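The values are calculated or read from the model by the stated rules, or taken from the named source; none is laboratory data. Every value quoted in this text rests on a predicted model; they were computed, and no experiment measured them. In this analysis, Cβ positions are derived from the backbone assuming ideal geometry, glycine residues included, and neighbour counts consider all displayed protein chains.
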Amino acid sequence: MRFNDRLINIPRLNNVINRSPLTISFDSFVVEAIVLMSQERCSNYAPISLNSSLDLSFANQSLNGCVLVLDGENLLGIFTGKDVIRLIALGIDLATVTIAEVMTQPVVTLRQSDSNDIFTALSLLRQHQTDYLPVLDDRGQLLGIITQTSLLQAFDLVKMVGVVEGLQQYLQKPTDDFRQVNLPIEIEQVCRQTQNHLKVWVEAKSAEIIQVNQELQLALEELQAERTEGLVTSNVLLQHEISDRQRAEVALQQSENLYRQLVESQTDIIIRIDLQGQITFANMAACQTFGWKQDEFHGQSFFQFFHLDDLPKVMESITVLESSFHPLTNCERRLFTVNGIRWFEWNAIAIHDDKGEVVEIQGVARDITEQRAALQERQLAEAALRQSEEKFRTFAEHTQALIWIHSADTFQPLYISPAYEKIWGRSSQSLFEEPKSWVNNIHPDDRDRATQLIEQLLSTNQSISTEYRILRPDGSVRWIWNQGFAVYDDQGKVNYYGGIAEDITERKLAEESLQESEARLSLATEAVQIGIWDRNLIANTGIWSANMGPLYGLPSNTLCPSVEGYLNLIHPEDRELVAANMAWMIETGQGSIEYRIIWPDGSLHWLHCKGRAYYNEIGQPIRAIGTSRDVTESKLAEQKISEQAALLDIATDAILVRDFQSQILVWNKGAERMYGWLSTEVIGKNLQEILYPTKIQHQLEVPLKSVIESGSWQGELSKVTKSGKTIIVESRWTLMRDPEGKPKSILTVDTDITEKKQLEEQFFRTQRLESIGTLAGGIAHDLNNILTPILATAQLLQGKFFQDEERSGQLLTLVESNAQRGAALVKQVLSFARGFKGERTIIQIKYLISEIIQIIKQTFPKSIEFSTVIPEDICAVTVDTTQLHQVLMNLVVNARDALPDGGNIKISAENKFIDEAYTRMNIDAKIGHYIVITVADNGVGIPPEILDRIFEPFFTTKEINAGTGLGLSTVLGIIRSHDGFIKVSSNVGRGSKFDLFLPAVQATQAFEIEDMELPPGEGELILVVDDEAQIREVATIILENYNYKILAASNGIEAIALYAQHKHQINAVLMDIMMPEMDGITAIRTLQKMNKQVQIIACTGLNLVDVSAQAADANVQAVLSKPYTARELLKSLHHLLREPRGI
C-alpha cells in the first residue's frame, strides 16, 4: 500500500461548516420557505460519485434540506423537509401559515469556541438524532451549519486506510534490512509513494526515527484497535448515506412536484425575474391577475405592471435585495391588473448561485386592495369616532346642562361635565371622591323621592325623569330636572348609565309667576268685568267664563245660552245689529260691536264684544272665540264728556282734537279766538295746512314721535294764525285711545306764550348786558391796547416816516390789523348783546366754546389762564345758540369772580351715555346720549351751606350793585328748557365745577354703546353699603346681572357685622361716604383693621376733589362719584379685581 501526500488528513471543524445556509425571516409564510428550499435543490443538487476524491471545502455548498429561521442575526428555529411532509399530512394551508408557527425549536447548536473537534460535532448529531447542527460564534450569531452528510464526506476513508497499512508495512521491517535494500525499483517505488517528502524527513530526522517508530507503532496499534470498529461503522454509515442519497433523489423529485403543485395552486402571485428585470417565471395566479398566458411572461419587463408613482421604490427595493442576504417583506405597491389598479403586498428574496452571487429575484404578492380599503374605512371610522368624541366633549363642556355617566355595576361616576360645578356650586373632584355626596345635597323634602327613582333605574333599567331641589354651599336653593337612562352594549347588557341634569330654577320661577299671573288675570277679568266666550259653529253650542253671567245680570256660573237665548238678552233695538255683526264676523274672520242689554232688574247696560272666527282646511267656519266687556261706565263718561264739551268753549286755551290723518275733529271757542278760524271752517280739514306753513312743519316730528311712544308730549311750538301772524304756544299733546286700547286721535291744548317769550327775551338781553357790564373794564382795556398803536402810527405817518415808503407800509399794515382786531371785538360784543332771535339749530359746541374763549382772553385779567379739552368725536346738540352762549358766559364770569388773584379756568366737553342706573340716582336725568360741558376753576369755591341755594332767583353773595343774583337761575332755566340738567361740585379753597348735561343729537353721531362689552364678574362676592335703599337696589341689580354675588348693608355698623361674618368670601366693598350712625370713612378704617388687604370703592355725591383727599388718606383704591352709570361701576370693579396692583 502506498503513502498518500500526508500520513493522515483529519479535517478540522472550520473545514466542514457550510457558511451559506438557507435562511428566512420568522414572519415569512411557509410556502416561501418551500420555494426557497426547492430553488436551492434545483440549482445546487448533483449526485456524488463515491469513487471521486471528496472536496473538504464546504464554504460555498448550500444546504437544501432545511431552512434556518432568523430574527435579524439571531437564530430562532429550524424548518426541514420533514416538517413540510408533516404539515401537508395535517392538511394545513401553507400559504397562510407563517414559519414562526411551525418551526422546530429549541435548536441544538454548537458554539465554535467550545470545540474544534469534528468528532464532537458528529457525537452531537448522533446524540440528538438530528441531521443538522447550526454553529454559532461567541456572540450567539449564526456562522453556518454542519450535517451528518458533510461530516462523513470530510473523512476520506480510502486514504485513511491506505496510510494505516503503509505505516504498518514500513514499521515492521528492520532498520538494517531497510538500509540494505538495493533494488532500484523498490527504492524508486518508495520514493514515489512518499513523493520525496518522507525521504527528506528520514534523512533530516535520522536521530529521532527509532523513537518515532516506537511511538508510532504504539499509536498505530491503539489506532488500529480503536478505528477498526469505526471503519466498519463508517462503511455501514456510508452505505446508509448512499441509500439516503438515492431516497433523497426520489424525495427531491417528489418535492419538486409538490413545489410545482403548491406554486400553481397558490392564489398569491409568484414571479421570478433576472437582474435585468426580465420575467423568468410566473405562476397561474399571475396569469389570472394580469390576463396573460404563462409563456407570454417570459422575457417581458417586470416593471410595466407597476404604477408610475411606485416605480422608484420598486427599483430601490431590487437594488437592496441584490446587495443583501435579507429578504424584503411587507412592501405595498400598486399594479395594473385586468381589474384596474390594485394594491399588493410583496415579499421578495434573492436567489444565489454556487458562488453566492445573486442570479434571480423571486417575489410573492398578495392582493390587499379590499384589506386596505377596509383599513381605510376603519381609520375613517376611528377618526369619525374621535371627532364624535371630541364633539361630545366640546358639547358637554360648553352646554349649560350637566351630563353624567355612571358605571353599571357600582353606579360610580365615570364622567361629570363642568356644568356640575356651576349648577351645584361644588367641585367635580369632590363627587368622584364621594360618589354619594350629590344625594346629601338634595333638599331633605325631595331626597327620598330622588333616591327611589335612582333605585328604580338600577333595578328596572327603565328611563326615569324627576325634578328636585338642591342646596348650594352659599345656602341658595336651585331646582333641578334630572333624566336618567341605561345604555346597552351589543349583547343587550347594560354598559353604563347616563343622564342629563338641568337647572330649571328660572323655569320654576316662571311657572310660579305664570300661575300667579293667571290668578291675577282671573281677578283682573273679574275686576274689569271682561268675560270670555267660545262657540262651536258646527254643533251650535257654546261655553263662556264664569263671570259672563253677571255681565248680563245673571247669576255667576250661569251656563252659556243658545244663539236665540243670547239674542233675547240684548236690547230689542240692537238685536238685528248684533245678528248682522255676528254674520259679518263669521264671513270676514273678525268683528267688534257695542250694544245695549237690559238686565232682569230693568237696568240698561252697555257691552263691548269682540270676536274672531276660525275655519277648517276647506274654509268652513267651525269656531268663534271672543270677549265681552262692560263699557257702561265709559259710555256714561262719554256722555258726560259730551255734556261738558260746552264748558270747553269757556276756556281761554285752544283745545283741539285731530286724528292720525291730521284731520281736525274738535275745535273749541278758545281755538277760534287764538287762531282766528271758526270751527265750521276747520272741522275735517288738514291741521298742518291750517296752522303749520311748510317752513315750520319740521318741528312736528319730535312731538308726534313722542306722543305715540309715551302717550304725551309738552313743549313750545310756533304756529301761524289766520291773519298770518306767527305766535308761540305752550302745547300739550295727549294720545287718545279707542275702547280696544288702540290709538285713535291726539288731544292738543295750546296756551299762547308769545308775550311771555318776548319778556323772557328782554330779560335774557338784560342779563347779557349785565355780563357785558362786568366785562366793560376788560373790553375798555383791550380797546385801549388796540387804539394805542393806531394813534401812535397816525402821528408817525404825519412826521418823518411819511416819505419812507417801506416804513410807512409797515405802519399802515399795523394800523389795519389793529383796526380789524377792534372791529372783531366790537362785533362779538354787539352780537352777544343783541343775541340771535330764532329757532334752535344743530351746532357743534367746539365752535361756540372757541368764541367764548376768544372773548374772555381779550377781556379777562392776564393773571387768569384758560384751557380747553374737546375731543374730535364730540357730538352735536340742538340748542338756541344765543341762550347757550349766555349760559357759558355767565359761568365763566362767575369763575372769573372766584379768581381774584388769578388762576385757571378750564372748559371741557365729552360724550356720555346715561343708563337706567344713573337715572334712578338723578331724577332730572333720562336714559340716552348726552354731551357734558364742564366749566371748572381753582378759585375760592362755594361754601356747603349756600351750595343748595345758588340757583335761587336773586340769591347772590356779591356786593351790592355787583350782581342781580339772576345769573345761575337763568343758566338753570335755559338748560332745563333744553331738556338738560346741571351737576355742581365745589370745595372751599380748591375751586368749583359746573357740569352741563345736554341731550345729544343721535343722528349726527354714532355712539359706541358699550353695554355688550361691559366686563362681567366671575362670581365674586361684593358688599354694597349705602343708606339709600334705592341706590342699594340699583347697585345690586347691576352687579347680579353681571355675575357678581351681593351682600347689602344700610349703614357702617351693619357692614362691619356682615364683613366679620363673611370676611374670607367678600372680594370687594362698595362703601358710601355719607351715612348715619357711622360714616363711610370710619367704617373703611374699621374694615382695614380687620383685613389690611380689603379692597374698597368709595361712593359719594359730594365734591369729588374733597372726597378723593379723604379716600387717599384712608388708603381707598377707587372713588366713584354719584350718580354713576352701570358701566362706571362695573369698570371700577373690573380694574380693582382684575388689573395688577402696584407694590
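Counting only residues that are under 30 Å from the mean Cα position of the chain (by Cα), give me the strands (runs of 3 or more DSSP E) lying completely in the stretch 429-517 with at least 3 of them.
477-488, 494-503
Under 9 Å between Cβ atoms, at least 6 apart or on separate chains: pull out the pairs that start in the stretch 350-367 with a residue that is free of Cβ contacts under 8 Å to residues at least 60 places away in the same chain and crowded, with 18+ Cβ neighbours inside 10 Å and end on any residue that is part of a strand (DSSP E or B) and aliphatic (A, V, I, L, M).
ALA350/LEU328; ALA350/VAL358; ALA350/VAL359; ALA350/ILE361
Is it the case that LEU94 is surrounded by fewer than 17 Cβ atoms within 10 Å (Cβ to Cβ), assigned to a loop (DSSP other than H, G, I, E, B) and modelled with pLDDT under 80?
So LEU94 fails the test.
Please enumerate the residues belonging to the stretch 665-678 that are in contact with a helix residue (DSSP H, G or I) (Cβ under 6 Å, 6 or more places away or on another chain) and modelled with pLDDT of 90 or more.
Result: LEU678, single match.
Would you point out the residue of the stretch 370-401, among those that are of a type in the set (Gly, Ala, Ser) and free of Cβ contacts under 8 Å to residues at least 24 places away in the same chain, that is farthest from LYS422 (Cα to Cα)?
So in the stretch 370-401, the residues of a type in the set (Gly, Ala, Ser) come out as 373-374, 381, 383-384, 388, 396, 401.
Remaining after also requiring free of Cβ contacts under 8 Å to residues at least 24 places away in the same chain: 373-374, 381, 383-384, 388, 396.
Working: ALA373: 46, ALA374: 44, ALA381: 35, ALA383: 32, ALA384: 31, SER388: 25, ALA396: 13 Å.
By that ranking, first place goes to ALA373.
Taking the stated definitions as given, is PRO21 part of a loop (DSSP other than H, G, I, E, B), at pLDDT 85 or above, surrounded by 16 or more Cβ atoms within 10 Å (Cβ to Cβ) and not β-branched (Val, Ile, Thr)? If you could, list the steps in order and put the result at the bottom.
Values: part of a loop (DSSP other than H, G, I, E, B): yes; at pLDDT 85 or above: yes; surrounded by 16 or more Cβ atoms within 10 Å (Cβ to Cβ): yes; not β-branched (Val, Ile, Thr): yes.
Yes, satisfied.
So how many residues does the stretch 97-138 have that are touching a Phe, Trp or Tyr at 6+ places or on another chain (Cβ under 9 Å) and in a loop (DSSP other than H, G, I, E, B)?
If we filter the stretch 97-138 for residues that are touching a Phe, Trp or Tyr at 6+ places or on another chain (Cβ under 9 Å), which is where we start, we get 97-100, 102-104, 107-108, 118, 125.
Remaining after also requiring in a loop (DSSP other than H, G, I, E, B): 97, 103, 107-108.
Residues in the stretch 97-138 being touching a Phe, Trp or Tyr at 6+ places or on another chain (Cβ under 9 Å) and in a loop (DSSP other than H, G, I, E, B): 4 in total.
With a cut-off of at least 3 residues that are touching a strand residue (DSSP E or B) at 6+ places or on another chain (Cβ under 7 Å), surrounded by fewer than 16 Cβ atoms within 10 Å (Cβ to Cβ) and free of Cβ contacts under 8 Å to residues at least 60 places away in the same chain, name the strands (runs of 3 or more DSSP E) lying wholly within the stretch 658-747. Reasoning before the result, please.
Working: elements: 664-667, 712-720, 726-737.
Because the criterion is at least 3 residues that are touching a strand residue (DSSP E or B) at 6+ places or on another chain (Cβ under 7 Å), surrounded by fewer than 16 Cβ atoms within 10 Å (Cβ to Cβ) and free of Cβ contacts under 8 Å to residues at least 60 places away in the same chain, the strands (runs of 3 or more DSSP E) in the stretch 658-747 that meet it are 712-720, 726-737.
Quick grid of which residues meet (1) closer than 15 Å to ALA1098 by Cα; (2) of a type in the set (Gly, Ala, Ser); (3) within 39 Å of the chain's Cα centre (by Cα):
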{"residue": "ALA1035", "(1), (2), (3)": "yes, yes, yes"}
{"residue": "ASN1043", "(1), (2), (3)": "no, no, yes"}
{"residue": "SER1050", "(1), (2), (3)": "yes, yes, no"}
{"residue": "LYS1063", "(1), (2), (3)": "no, no, yes"}
{"residue": "ALA1068", "(1), (2), (3)": "yes, yes, yes"}
{"residue": "MET1075", "(1), (2), (3)": "yes, no, no"}
{"residue": "GLY1080", "(1), (2), (3)": "yes, yes, no"}
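Kindly evaluate GLU1054 against the criterion of being within 35 Å of the chain's Cα centre (by Cα), assigned by TED's automatic domain parsing to the domain that holds LEU1133, assigned to a helix (DSSP H, G or I) and not hydrophobic (A, V, I, L, M, F, W, C). Step through it out loud before you land on a result.
Values: within 35 Å of the chain's Cα centre (by Cα): no; assigned by TED's automatic domain parsing to the domain that holds LEU1133: yes; assigned to a helix (DSSP H, G or I): yes; not hydrophobic (A, V, I, L, M, F, W, C): yes.
No; evaluated as a whole, the condition is false for this residue.
Those residues that are assigned to a helix (DSSP H, G or I), among the hydrophobic types (A, V, I, L, M, F, W, C) and closer than 24 Å to ASN330 by Cβ, I need them from the stretch 285-314; list them, please.
Matches in the stretch 285-314: ALA285, ALA286, PHE290, PHE302, PHE303, PHE305, LEU308, LEU311, VAL314.
State which residue is modelled with the highest pLDDT when the search covers only the stretch 622-644 and only residues that are among the aliphatic types (A, V, I, L, M) and out of contact with any strand residue (DSSP E or B) (no Cβ under 8 Å at 6 or more places or on another chain). Write out each step before concluding.
Step one: filter the stretch 622-644 for residues among the aliphatic types (A, V, I, L, M), giving 622, 624-625, 631, 636-637, 641.
Now narrow it down to the ones that are out of contact with any strand residue (DSSP E or B) (no Cβ under 8 Å at 6 or more places or on another chain): 636-637, 641.
Working: LEU636: 80, ALA637: 74, ILE641: 64.
Here the residue is LEU636.
If I filter the stretch 486-496 for residues that are within 17 Å of LEU402 (Cα to Cα) and among the β-branched types (Val, Ile, Thr), do I get at least one hit? Let's see the steps before the verdict.
Here is the first cut: in the stretch 486-496, the ones within 17 Å of LEU402 (Cα to Cα) are 486, 496.
Now drop any that are not among the β-branched types (Val, Ile, Thr), which leaves none.
No, the stretch 486-496 contains no residue that is within 17 Å of LEU402 (Cα to Cα) and among the β-branched types (Val, Ile, Thr).
Assigned to a loop (DSSP other than H, G, I, E, B) and modelled with pLDDT under 70: does that describe ALA651?
When the stated conditions are applied, ALA651 passes them.
Identify all residues within the stretch 911-955 that are in a strand (DSSP E or B) and at positive phi; write none if there are none. First the steps, then the outcome.
We begin by selecting, within the stretch 911-955, every residue in a strand (DSSP E or B); these are 911-914, 928-937.
Correct list: GLY928 only.
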